[in-house]
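Asks: Structure below; questions to follow.
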Amino acid sequence: MISKNTICLWYDGTALDAAMFYAKTFPDSRVGAVHRAPGDYPAGKQGDVLTVEFSVMGIPCLGLNGGPGVPHTDAFSFQVATDDQVETDRLWNAIIDNGGHASACGWCKDRWGLSWQITPRVLTAAFTDPDPAVAKRAFDAMMTMSKIDIAAIEAARRG
């Protein structure tokens, strides 16, 4: 690994599958080295994939096949800033259509349980608007959504 700080994500034998999905789905993402276990370990056998080096949108990650003991939680997520509805839909649908599930306010989980916030830049600009009434309208609109609808956010912002 080259990076001094790398996000380590725990998987139950599926780190390579997850890394390959992220690499094909998100821009500036790739799968690097795949390391196999030099001996048996609690979650696997010698020769099994132990770790996978990969990056998600330029962020270095390490997938560890550590077994079923440590599931992902909402306490960690990737927040992806999207530029338009096409990009928002593409990323959201890639996650949901690959065994993931939707949540509220732009949140979804992939099939491995990792949380993603697919957040259009328009949304962030709207609920941080210096006019509190504009920010509240946009925020209230977002609170009714699962996947973010940019046109609805822009309409709420206009009032």
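The values are calculated or read from the model by the stated rules, or taken from the named source; none is laboratory data. Computed from a predicted model, the values in this text were never measured in an experiment. Heads up, the Cβs are rebuilt from the backbone with ideal geometry, glycines too, and the neighbour counts pull from every protein chain shown. The accessibility values were calculated without ligands, DNA or RNA, using every heavy atom of the protein model including side chains. Shrake-Rupley method; radii C 1.70, N 1.55, O 1.52, S 1.80 Å.
Asks: Listed residues Val56, Val70; which is under 28 Å from Ser3 (Cα atoms), of a type in the set (A, V, I, L, M) and open to solvent by less than 20 Å² (accessible area, probe 1.4 Å)?
Replies: Criteria check complete, one pass: Val56.
Asks: Where the second residue is assigned to a strand (DSSP E or B) and the first is hydroxyl-bearing (Ser, Thr, Tyr) and lies in the stretch 55-81, which pairs have Cβ atoms under 7 Å and are six or more apart or on separate chains?
Replies: Taking only residues 6 or more apart or on different chains, the pairs are Ser55/Arg30; Ser55/Cys61; Ser77/Ser115; Ser77/Trp116; Ser77/Gln117.
Asks: Against the condition charged (D, E, K, R), without any contact (Cβ under 8 Å) to a residue 24 or more places away in the chain and closer than 17 Å to Gly100 by Cα, how does Lys24 come out, does it pass?
Replies: The answer is yes for Lys24.
Asks: Looking at the stretch 128-142 only, could you name the residues that are open to solvent by 40 Å² or more (accessible area, probe 1.4 Å) and without any contact (Cβ under 8 Å) to a residue 12 or more places away in the chain?
Replies: Across the stretch 128-142, the qualifying residues are Thr128, Pro130, Asp131, Pro132, Lys136.
Asks: Separate question: Take the residues in the stretch 17-37 that are open to solvent by 100 Å² or more (accessible area, probe 1.4 Å) and either in contact with a Gly (Cβ under 9 Å, 6 or more places away or on another chain) or at pLDDT below 95 (or both), then tell me which one is nearest to Asp83 (Cα to Cα).
Replies: Checked the stretch 17-37; the qualifying residue nearest to Asp83 (Cα to Cα) is Asp28.
Asks: Consider only pairs whose beta carbons are under 8 Å apart and that are at least six residues apart or on different chains; among these, list those whose first residue lies in the stretch 143-157 and is farther than 13 Å from Thr124 by Cα and whose second residue is modelled with pLDDT of 95 or more and among the aromatic types (Phe, Trp, Tyr).
Replies: The qualifying pairs are Lys147/Trp92.
Asks: Out of the residues in the stretch 97-146 that are over 16 Å from Phe78 (Cβ atoms) and aromatic (Phe, Trp, Tyr), state the one that is modelled with the lowest pLDDT.
Replies: Step by step, filter the stretch 97-146, then rank; the result is Phe127.
Asks: Restricting the stretch 73-126 to residues that are hydroxyl-bearing (Ser, Thr, Tyr) and either touching a Gly at 6+ places or on another chain (Cβ under 7 Å) or over 17 Å from Ala141 (Cβ atoms) (or both), which is surrounded by the fewest Cβ atoms within 10 Å (Cβ to Cβ)?
Replies: Thr73
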